[in-house]
1. I'd like to compare 237-245, 593-601: which one has the highest average count of other Cβ atoms within 10 Å, and what's the full order after that?
2. Magnitude of the Cβ-charge dipole of the range 526-614, K/R +1 and D/E -1, about the Cα centre, nearest 20 debye?
3. Could you work out the relative contact order of the range 458-566, using alpha carbon pairs under 8 angstrom and six or more residues apart, expressed as a whole percent?
4. At 1.4 Å probe size, what's the solvent-accessible area of GLU166? Round to the nearest 10 Å².
5. Please compute the net charge surrounding ASN367, taking Lys and Arg as +1 and Asp and Glu as -1 over other residues with Cβ under 10 Å from its Cβ.
6. Heads up, I need the accessible area for TRP719: 1.4 angstrom probe, whole protein in place, Å², nearest 10.
7. If you add up the charges near ALA437, with Lys and Arg at +1 and Asp and Glu at -1, over every other residue whose beta carbon is less than 14 angstrom from its beta carbon, what do you get?
8. Can you work out ³J(HN,Hα) from phi for every residue in the range 506-521, in order, using Karplus 6.51 cos²θ - 1.76 cosθ + 1.60 and θ = phi - 60°, giving whole Hz and x for Gly and Pro?
Amino acid sequence: MASVSGNRRISTITHKGAFYLVLVPFSRYKQKYRQTLPGFFRPCRLIYRGLLIISLCWFLGDTLRAQADTLNGDSLKAGPPGKKESTSQLLGQVTYHAKDSMLFDLPAQKVYLWDSATVDYQDTHLSAYFVTIDFKKNIVIAEGKKDSTGNYITKANFSDNGEAFEANKLSYNYVTGKGKIIDVITEQGDGFLHAQVAKKDTSGTIYVYKGYYTTCDLEHPHFAIRARKLKVIQDDKIITGPAYLEVSDVPTPIAVPFGFFPNKKGRASGILIPTYGESPTLGFFLKDGGYYWGKSDLFDLALRGDIYSKGSWGAKLYTNYKVRYKYSGNFSLKYSRILQGDRELPNRRIANDFFITWSHTQDPKSNPSIRFSANVRGGTSTYNSYNSTIPTDYLSNTFNSNISWSKSWKFGALSANLRHDQNSLTHNVSMTLPQIAFTVNRFYPFRNPKRVKQKWYDKVGMSYTADFQNLLSIGDSSLSLRNADYITQHFRNGIHQSLPISTSFNVLRHFTLTYSLTLNSITQFNYVNKRWDGEQVVTDTINGAKVSLDGSTSLTLSTRLFGMYKLKQGRYTVIRHTLTPNLSFSYMPDFTDPRFGFYKTVQTNSVGASSKYSIFENGIYGATPAGRIGSIGLNLINSLEAKLRPDESDSSKTEKRTTLIDAFNVAGSYNLIADHFNWSMLSAGFRTKLFHKVDVNTSFLADPYRVSSEGVRIERFEWREGKRLVRLTGATVSLNTSLRKGGFTSSTTHTSNRGTQQELDMINANPNAYVDFNIPWSLNFGYSLNWSKPLLTQTVTQTLHVSGDVNVTPKWKVGFDSNYDIKKQEFGFTSLNIYRDLHCWEMQFNWIPFGPRQSYNITINVKSSVLQDLRLTRKRDWYDFTQQ
């Protein structure tokens, strides 16, 4: 097969045609007048032969020049330079190529191309099996390849300014931009337009006869909205006449007199289809229906609503915003009015709940010295209980928020924070409004940069921190503008200043000695004074600034010890034990001494008994540390590693390193100067991973002292009575594993040539919000045991959490999530999900079989092109809004 390509000059072709028009009539006149004008015709015959020879030489010479131009990459030009171009002239280069053969029809000014033919003109590209170029009319005709039965087995592909077509046959005027296309498929926005016949005008508008629109990317789609006439306005919308829905080539009774479909690249506005379901307490419902307004890549807005057959309802507002290289974020506001119980009953409950989320992130490139971020999540304590079916949200009882601003310099930083902590079980709300902190980076006051050899005091470093807080701790029912005076009275505030000084140096080559001294100053703007009024203790709160001082010092000696154990048999060749001991001594004076003035004595009963109290016990930073401390502490950190013998099939014979024990820590201390209970509690922790799959975490707390039969801790060792070193007072054990087969891992980034970058960013940022059909099965298992017996009373809790999903077929997936309380022998929050991948459609059935959230809902909706490509299905119970 030969490969042929060419670039021709339109002016040359025009001149050849002119010579052809002159020479042909002259030959005809020669035959007619040869007998009547022989004397006249002889010189004319010589002239004719001369012109013929000249024209042949011109033709051959121009043909050779055209081939030379082809090799040099030249192309077709619009006309001679300096001449004013008309609308019929070319404005650029026309380059064509064919794999099999190329035929030039000079009289008709046409070129015929066969097999893998391509034509390029400015931003227009055309490829097809057979192409005809008409330079006289500026028209290109392209057609796909047919089989022996006359059916097309390949199509012609056409693209112009990012717009692409795929058709059996098409004709296109590359000067005016008009075209006619037969059996065409073109991508329009997030969907595909199929047309029997389509015409394109000079403005780019396409008029379709007998076509349909679908989001399915298959040549024979699963569903479509079919119409006899359609009009496609580029980057705007698609308008149809009477249209109806067709599923699997079966017409449905769902029809509209006319239709509008968005045809914009990127964001588009439209209706959000609700999910359907039923709740025994709320009735039938439509949930999360509404409207999405895709204003631009900088801002969007979604309004959603819920409605229940028994009178409850809800409204939600979501928005995303983004300014490139500056900041991005999203905000949501949700409100619901849930009615429980019959209207006639007096105990009918009406819950008016709201929930706010706000996330704001500043781009690191925006301003490195000034940072602002926000992560707000809070609302009424019962909102998730009545509105969310997400297990993590329904079971969560704490909400946290933080809005922060900071300014940094070379020497330090200034920051301001607004914080919020909320517990839905205790209904307590704690807010810091605000917290302002100023820090000075660590510096070395005695260091001389010109000194070549450092002295020991060159390593003495210090820093400084000043922290101001204004704290409000109150019940969520009291948060109302009507209680402004009550709220003001419950604010607590103060200033905490800290000056840590430390240094470290090597001792005996293998030991590191660290010394630290910390000085603290606390200024609180109210304090308490207690007095005995003859019947009871009365506490008076006095407004005014009071300063307390405290400090402590410590000395720590640490090193690392290694042990190697070589094994001749078994799985392991070497086991390595790493021990990191830390021996410390800390000292703090007794600040309860009356000379400091931080503690006072008050009478507590009529017989004259008294007790000490701190005047700052209600302060934001708490009471001044009490008790004299001079303790010796020991902390042992252990880890165990090993090398595996290489398998016989491993040609490289490389030993692999593995971790047997991640950490095993033991810590305890002894107070040298305490009057009673010199030994502290003994703590221990263990962490490892079994079979590279199961995470094991344990912690223990033990007491060396006994407890009397009355449940009082007494200063008598367990060893003296029960011959035990310690008495176990608490233990926690947790086992967690996540098993899966195939698919993407949590660290894998999804990539696709479909959809927008915003959609891919949302998918990669929230992998748990999607069901992955590429994973045949997954299983998450968690077990936790909490045991506590500080005195005589023992408490034990055991819970199981199991979740996962499995592909029953390549298109059906079943997911589940359940919790089980072993002690109570009952199930907690449980949900069952069934997913159906219909390629361009998706269906989800969510069922909560029992409990206060007992309900079911059904969702059927069209998939976006990027989800079709990645084989992902969005979880419809994921109500945290992100970009659509």
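1. Going by the mean number of other Cβ atoms within 10 Å, highest first, we get 237-245, 593-601.
2. Numbers: 11 positive and 6 negative charges, 200 e Å.
Roughly 960 debye for the range 526-614.
3. Numbers: 184 pairs, mean separation 25.4, N = 109.
Over the range 458-566, the number comes to 23 percent.
4. 70 Å²
5. On the way: positive: LYS326, LYS365, ARG371, LYS407; negative: ASP363.
Cβ neighbours under 10 Å give a net charge of +3.
6. 140 Å²
7. Values: positive: ARG371, LYS407, ARG419; negative: ASP467.
Combined, the nearby Lys, Arg, Asp and Glu give +2.
8. For the range 506-521, the Karplus curve yields 7, 10, 6, 6, 9, 10, 10, 10, 10, 10, 9, 9, 10, 10, 10, 10 Hz.
The values are calculated or read from the model by the stated rules, or taken from the named source; none is laboratory data. Keep in mind that what you see is a predicted model, and the values were worked out from it rather than measured. Heads up, the Cβs are rebuilt from the backbone with ideal geometry, glycines too, and the neighbour counts pull from every protein chain shown. Accessible surface areas use protein heavy atoms only, side chains included; no ligands, DNA or RNA. Shrake-Rupley method; radii C 1.70, N 1.55, O 1.52, S 1.80 Å.
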